[in-house]
Amino acid sequence: MATQLDYYEVLEVSRTASAEEIKKSYRKLAMKYHPDRNQGDADAEARFKEISHAYDILKDEQKRAAYDRFGHAAFEGGGGGAGGFDFSGFGGGGLGDIFEQMFGDMMGRRGGGQARSGNDIQTHVEITLEEAFSGVKKDVRVITRVACESCHGSGSENGESGVQTCPSCHGAGKVRAQQGFFIVERPCPTCHGTGRSITDPCKACHGEGTVERERVVEVQVPAGVEDGTRIRMTGSGEAGANGTPPGDLYVHVSVLEHGLFQRDGANVYCRVPLRMGQAALGTEIEVPVIDGSRANVKIPAGTQGGAHFRLRGKGFSVLRSSARGDMYIQVTVETPQHLTKRQRELLEEFETEAGEDIKHSPEHTGFFRRVRDFFEGGE
Ligand SMILES: [Zn+2]
Ligand SMILES: [Zn+2]
């Protein structure tokens with residue numbers, strides 16, 4: 001995640017490429033590497049994300065200009081988080097915004113009516129360990145602002161005829177103010193950055209162009225995902241006011257604990273109890289595997305409690321790779337309880353026999369020698 005590729009290289013265009021060329025190349029590459037077309041191919045998925053991120057920057061005139069001058073540094077400290085697929089975000093009031101404001105001012109905004117896009121929204125999804133292994137599609141419900149159905153997002157009862165240029169900012173959507181050395185632009189308080197004023201506000205949305213609704217969003221959780229991963233779904237956030245672009249949706253993934261398996265990175269641990277006799281005599285046991293299959297494990301005679309057996313490649317799927325971790329069987333040896341009369345007799349007989357010869361109990365010799373040393377050394 002730490003290495004940052006040149007956005008032009010990622011999109012396979014020259015630094016002088018036109019907006020149209022960038023868009024064309026982005027479409028071609030996005031089609032090629034789209035996760036739906038490359039099921040389970042983690043490299044393609046990683047590539048797809050790089051492409052999307054590079055396009056997010058280069059499609060925007062101001063961000064592209066900032067990137068051309070300052071490289072990746074232009075967007076650092078923008079409030080993004082580590083982990084998951086999140087590539088440090090813009091918006092949210094971070095440095096990125098300040099850059100945008102400065103550059104917007106220096107370079108001159110494109111024509112008026114540039115309102116902020118919709119807010120990013122956050123949601124949360126819980127998945128089982130099996131789902132984290134195989135990947136899963138989840139429907140998540142989010143309550144968010146969506147484009148108003150009555151006015152199709154225009155905010156006006158009568159379509160475009162009721163929409164006029166904002167008198168405060170003359171349609172620019174921005175007002176300027178001196179701040180130290182800089183002239184900064186802020187969204188126009190009258191029209192909230194839309195550059196328009198609505199003379200006959202839509203009754204359903206009071207001229208906002210958006211209404212609050214519950215929405216169901218399908219989230220593709222990739223195989224190998226870890227607890228705490230954040231998935232960014234570009235454009236699935238809140239609808240922007242008056243038809244401006246939507247924000248992004250961030251989905252935080254929690255992986256539920258499992259009754260059989262514990263995960264550590266790509267490895268999976270499973271504790272299996274053995275009877276005393278099984279551990280002493282040796283046996284073969286069947287164990288469950290995270291992928292839903294079963295595996296046989298040979299337990300050699302004389303196995304001690306706490307012993308580990310590794311099952312190569314039976315562990316967790318690895319994000320962005322076809323590799324799999326290993327599974328470890330951790331053996332516990334159980335002491336029998338509530339003995340029948342016959343069991344008791346047999347064990348007593350066994351004890352009499354075993355007690356006379358210390359070689360049957362490998363830890364015994366060392367232990368009792370240390371006990372003897374302890375008392376003799378202490379006198
Ligand atoms: Zn409306
Ligand atoms: Zn205005």
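Overview of results
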{"quantity": "Enumerated strands (runs of 3 or more DSSP E) restricted to segment 280-339, each holding at least 2 residues that are among the basic types (Lys, Arg)", "calculated": "294-299"}
{"quantity": "Single residue of segment 197-216 satisfying the filter (crowded, with 18+ Cβ neighbours inside 10 Å and not polar (S, T, N, Q)) that is farthest from ligand 2 (Cβ to nearest atom)", "calculated": "211"}
{"quantity": "Matching residues, segment 148-191, being among the small types (Gly, Ala, Ser), more than 16 Å from ligand 2 (Cβ to nearest atom), in a loop (DSSP other than H, G, I, E, B) and over 22 Å from residue 238 (Cβ atoms)", "calculated": "180"}
{"quantity": "Criterion (at pLDDT 85 or above, under 33 Å from the mean Cα position of the chain (by Cα) and not polar (S, T, N, Q)) met by exactly one of 126, 100", "calculated": "126"}
{"quantity": "Subset of segment 304-327 that is at pLDDT below 85 and of a type in the set (S, T, N, Q) - its residue that is surrounded by the most Cβ atoms within 10 Å (Cβ to Cβ)", "calculated": "317"}
{"quantity": "Pairs where the first residue, in segment 293-309, is free of Cβ contacts under 8 Å to residues at least 24 places away in the same chain and the second is among the hydroxyl-bearing types (Ser, Thr, Tyr) and surrounded by 10 or more Cβ atoms within 10 Å (Cβ to Cβ), C-beta under 9 Å, 6+ apart", "calculated": "298/283; 301/283; 308/269; 308/328; 309/303; 309/328"}
{"quantity": "Residue match in segment 2-18 (condition: farther than 23 Å from residue 227 by Cα, at pLDDT 85 or above, in a helix (DSSP H, G or I) and out of contact with any helix residue (DSSP H, G or I) (no Cβ under 8 Å at 6 or more places or on another chain))", "calculated": "yes"}
{"quantity": "Cβ pairs under 6 Å, 6+ apart, first in segment 149-164 and closer than 9 Å to residue 201 by Cα and modelled with pLDDT of 80 or more, second of a type in the set (Val, Ile, Thr) and away from ligand 1 (no atom under 11 Å from the Cβ)", "calculated": "156/163"}
{"quantity": "Condition check for residue 216: within 16 Å of ligand 1 (Cβ to nearest atom) and of a type in the set (Val, Ile, Thr)", "calculated": "no"}
{"quantity": "Condition check for residue 295: under 29 Å from residue 323 (Cα atoms), in contact with a Pro (Cβ under 9 Å, 6 or more places away or on another chain) and among the small types (Gly, Ala, Ser)", "calculated": "yes"}
{"quantity": "Filter pass, residue 235 being assigned to a loop (DSSP other than H, G, I, E, B), within 32 Å of the chain's Cα centre (by Cα), at pLDDT below 90 and of a type outside the set (D, E, K, R)", "calculated": "yes"}
{"quantity": "In segment 205-231, the residues that are among the charged types (D, E, K, R) and either part of a loop (DSSP other than H, G, I, E, B) or within 28 Å of residue 192 (Cα to Cα) (or both)", "calculated": "208, 212, 213, 214, 215, 226, 227"}
{"quantity": "Where residue 132 falls short, out of the listed (1) within 11 Å of ligand 1 (Cβ to nearest atom); (2) surrounded by 15 or more Cβ atoms within 10 Å (Cβ to Cβ); (3) on the phi < 0 side of the Ramachandran plot", "calculated": "(1)"}
{"quantity": "Scope segment 151-199; condition closer than 13 Å to residue 241 by Cα and within 14 Å of ligand 1 (Cβ to nearest atom); matching residues", "calculated": "151, 152, 153, 154, 155, 156, 194, 196, 198"}
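Conditions (1) touching a Leu at 6+ places or on another chain (Cβ under 7 Å); (2) more than 28 Å from residue 33 (Cβ to Cβ), marked per residue:
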{"site": "296", "(1), (2)": "no, yes"}
{"site": "299", "(1), (2)": "yes, yes"}
{"site": "306", "(1), (2)": "no, yes"}
{"site": "319", "(1), (2)": "no, no"}
{"site": "324", "(1), (2)": "no, no"}
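The values are calculated or read from the model by the stated rules, or taken from the named source; none is laboratory data. Note that the coordinates shown come from a computational prediction; the quantities given were computed from them, not determined experimentally. No Cβ is skipped: glycine too gets one built from the backbone with ideal geometry, and neighbour counts run over all protein chains shown.
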